[in-house]
Each structure stands twice: as structure tokens, then as C-alpha cells.
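J.: Input: one structure, supplied below.
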Amino acid sequence: MINNLNKKRVVAIGAHPDDIEFGCSGTLMRHRKAGDEITMVVMTNSKSVDGVTGKVIRSNDELFQETKEAADIIGGRLIMLSFEDLRVPFSLESVSDVQRVLEATKADTVYTHWAGDSNQDHIATYRASVAAARYVKNVYCYEQIPIPRHTENEMKPTYYSDISKEFEDKIKVANCHKSQIDKYAKVGLDVPKNLKTLAMFRGIQANVQYAEAFQVLKSVT
């Protein structure tokens, strides 16, 4: 029986549809199984375009369909804010929008991007999340998608989540974002395979089969 007195109120924040799914969906499903309340906040709700060519990578229809399918598997509430892909700001507006969600959900646990990420929308989302979550007791940063992105501040995990029982569902969640899987496949990158490799590597470090890794910004017990 689940003890509701210990129920956590979890908010996961991502710049784009698929960020949360690739980064921490296994851990969110662990929370769901424990009876915790889950809210997923996506900063953008616009089509995805190539920043150089302007070519549409994911249409609005694809975005909403893929995101809903993934959220249905994870479980929990989905909130999509109104910022534009490639133009997520670190501003009063973005901080206030995230803070409203945190206050409305009475969040005690937040998952977001990490400071060493190399995507501009991810970095802005990290900064907005940390500013908005200044009163939240527990803030964890998840890894960026395992594709070729280098940073001068490589991820140094300080917390591991055993997702061995949730891993297969995590891959199902990832595969909901077919437009993104196809985008990377065109340049020779197999995202589901890379997610498995990363989860196995983090699992080796944590002495489990599969794990997700996080940097802890703060954790209050």
C-alpha cells in the first residue's frame, strides 16, 4: 500500500518535447509507481525548425501527438508553455511562468537541464528553472541527449536513479518522438541505442543494470 503521507510533488522541466523523456523519464516512472504526483513542463509549444536552413523538422501536429503519447506512458500532468523553439529566454517571463507551476503544484522536487548543457534553449531553461525553484527543497539536473555535444563542464553525476525496471518503458517513451529519432538517424545517430549505452554506463557506475544520472543542486531531508 502506498503511504500518501510521504507522497512527493515532482515537476520535471524541459525546453522541448523529448528533453524530459530522453533525460529522466525512467526516474519519473519510478516516482509514478511510488504514488508521487508528476507534472511535466515543456517550455516550447511551436514546431521545430533547423536554425540554419529553416526547414521544418517537426510540425505542430507531430509535436502535440508525440508529446501526448509519451506523457501518457509516463503518467502525470503535461503543461506546455508558449515559448518558441530556438528562442527560449532566460527572462522575467520565463522564470515567472515556471514559478507559477511550481507554486500551483506545491512542488518539493524538480528535475531540469544541467548548467553544462550546450544547447541554448536548454541553458536558458536551466537558468529559469533554478531561479524559479529557489524555494523548492530538492533540485536535480539530468543529462542532455547522448549525441555529439561537447562542453567544457562535463557531467559529473552525484546521484543515480536505478531504472532497471523502467528502462524498456523509457525506450517506448523515447520512440514516441519519431520525428526526432528520424532527424538524428539521418546523420547516423541511433538515439534509442545511445540511450541504452548511456543507461548501461551509468548503471555500471551505480552497480545496477540501467541508471539515469543527475547532478544534485540541492537536496533537503
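J.: With θ taken as phi - 60° and the coefficients 6.51, -1.76 and 1.60, list the Karplus ³J(HN,Hα) couplings across segment 54-63 in order, rounded to whole Hz; mark glycine and proline as x.
T.: x, 5, 6, 9, 9, 6, 4, 4, 4, 4
J.: At most 11 other Cβ atoms within 10 Å and a DSSP loop assignment: could you name the GluC sites (Glu not before Pro) in segment 112-187 that fit?
T.: The qualifying sites are 152, 154.
J.: Post the alpha-carbon centroid distance, segment 18-35 to segment 132-146, in whole angstrom.
T.: Going from one Cα centre to the other spans 13 Å.
J.: Hey, what do the phi angles of segment 213-221 turn into as Karplus ³J(HN,Hα) couplings, whole Hz, using 6.51/-1.76/1.60 and θ = phi - 60°, x for Gly and Pro?
T.: 10, 9, 9, 8, 7, 7, 8, 10, 10
J.: Say we join alpha carbon atoms closer than 10 Å with springs in a Gaussian network model of the chain; which of 77, 58, 32 then has the biggest fluctuation?
T.: Among 77, 58, 32, the largest mean-square fluctuation in the Gaussian network model of the chain belongs to 77.
J.: Using only helices, what value at 222 nm comes out for the chain when you add -39,500 (n - 2.57) per DSSP H run of length 4 or more and divide by the total residues, to the nearest 500 deg cm²/dmol?
T.: -13000 deg cm²/dmol
J.: Rounding to the nearest 20 debye, state how big the charge dipole of the chain is about its Cα centre with +1 on each Lys and Arg Cβ and -1 on each Asp and Glu Cβ.
T.: 500
J.: Between residue 120 and residue 168, how many nm apart are label points set 7 Å from Cα along the C-beta direction?
T.: 4.2
J.: Continuing with the same structure: Which of the lysines could a cross-linker bridge to residue 218, judged by Cα under 22 Å and excluding same-chain residues fewer than eight apart?
T.: Cα-Cα hits under 22 Å: 7, 8, 106, 137, 156.
J.: Under the Karplus relation 6.51 cos²θ - 1.76 cosθ + 1.60, θ = phi - 60°, what is the ordered set of whole-Hz ³J(HN,Hα) values for segment 22-35, x standing for Gly and Pro?
T.: Whole-Hz 3J(HN,Hα) from phi for segment 22-35: 6, x, 8, 5, x, 5, 5, 5, 5, 4, 4, 5, 7, x.
J.: Just want to confirm a number: the relative contact order over the chain, from Cα pairs under 8 angstrom separated by 6+ residues, in percent.
T.: Here the relative contact order equals 24 percent.
J.: Can you list residues from other chains, or at least 5 along the same chain, whose modelled amide H is less than 5 Å from the amide H of residue 218?
T.: Counting only residues 5 or more places away or on other chains, the set is 139.
J.: Multiply the residue separation of residue 86 and residue 201 by 0.36 nm, subtract the distance between their alpha-carbon atoms, and state the gained length in nm to one decimal.
T.: 38.4 nm
Values quoted throughout were computed directly from the atomic coordinates according to the rules given, and no laboratory measurement underlies them. Everything numeric in this text was worked out from a predicted model, so none of it was measured. Ideal geometry is used to build each Cβ from the backbone, glycine not excepted, and the neighbour counts take in all protein chains shown.
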